[in-house]
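See below for the structure under consideration.
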Amino acid sequence: MQDIIEIKAEPREKVGKSIAKKLRHSGRVPAIIYGGDKESIPISISQEDLKSILKSEKGANSILRIHREAINVDAMLKEIQYDYLQDTPIHVDFIRIDLKKTVDVSVPVAITGEAIGVREEDGVFDFVTRTLDLRCLPDRIPREISVDVTELHAGNSIKLEDLEFGDDVHLLSDPRSVICAVTAKVAEEEPEVEQEEALEGEEGTPAEGEPKAEEE
């Protein structure tokens, strides 16, 4: 089973902008736990714990066990709100999970290798779909989906339907979506030389500067 990250939370009895501001100044981030047909729980967590979650192997898809006084809640990170001026977290949403029930997650796509269409055929590589949506048990969430493009020729693409997933992992994204492609380089066409309507000196057509023949 995937390692569970332990997070120690503090209750947040009061809410409001002034309370949230004081929490952030003390190195904590206002947060809330919701979902699972249970009452929402306002809490706060340390900024260091939040950084640890994001730097962990599975990042936002990590399984968390949040301790709040005598309450333990299994949860996942749902959303982080940032201060758009300072790029610092100002609020975090956690959603309750049941380790025996599936969850819907977004997983990053990682490209490996160099496409033959780029390496030998002078094509241009285009990385189109960088994340995909999956449904699986929390402990089956992959860290990333690796796609080997070594044998991808110019003019070809790899779609989601070309990937293989285990029976316990279900793809939610459109299987027809293109993950990546190699576009064949378009040959430059030489400019067409405009043909003269009539060649100088051709019979019946006087060259420029020659007098027309007089009619008898």
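With the contact rule set at Cα under 8 Å and sequence spacing of 6 or more, what percent relative contact order holds for the chain? Let's see the in-between values first.
Details: 396 pairs, mean separation 34.0, N = 216.
Rounded, it is 16 percent for the chain.
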- Area projected by the alpha carbon convex hull of segment 104-183, averaged over all directions, nm²: 4.8
- Task: Using a cut-off of under 20 Å, list every residue of segment 52-66 whose amide N is near the label point 7 Å from the Cα of Asp74 along the Cα-to-beta-carbon line.
- Result: 53, 57-66
- Query: In a Debye calculation with equal point scatterers on the alpha-carbon sites of the chain and no solvent, what is log10 I(q)/I(0) at q = 0.16, 0.19 Å⁻¹?
  - Reply: -1.07, -1.28
- Task: Please figure out what share of the DSSP beta bridges in the chain is antiparallel and state it in percent, rounded to the nearest 5.
- Result: 70
- So how do Phe94, Phe125 line up by other beta-carbon neighbours within 10 Å, fewest first? Phe125, Phe94
- Equivalent-ellipsoid semi-axes of segment 1-109, from the Cα gyration tensor, Å, largest first: 22, 17, 12
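Which value at 222 nm does the chain reach when only helices count, each DSSP H run of 4 or more adding -39,500 (n - 2.57), with the total divided by all residues and rounded to the nearest 500 deg cm²/dmol?
-2500 deg cm²/dmol
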- Query: Mind listing the phi-derived Karplus ³J(HN,Hα) values for segment 173-182, rounded to whole Hz, using 6.51, -1.76 and 1.60 with θ = phi - 60°, and x for any glycine or proline?
  - Reply: 5, 4, x, 7, 5, 7, 7, 7, 8, 10
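A short reminder: the numbers here are calculations on the coordinates, not readings from a lab. Bear in mind the structure is a predicted one, so any value in this text is a computation, not a measurement. Counting neighbours? That spans all protein chains shown, and the Cβs are built from the backbone with ideal geometry, glycine included.
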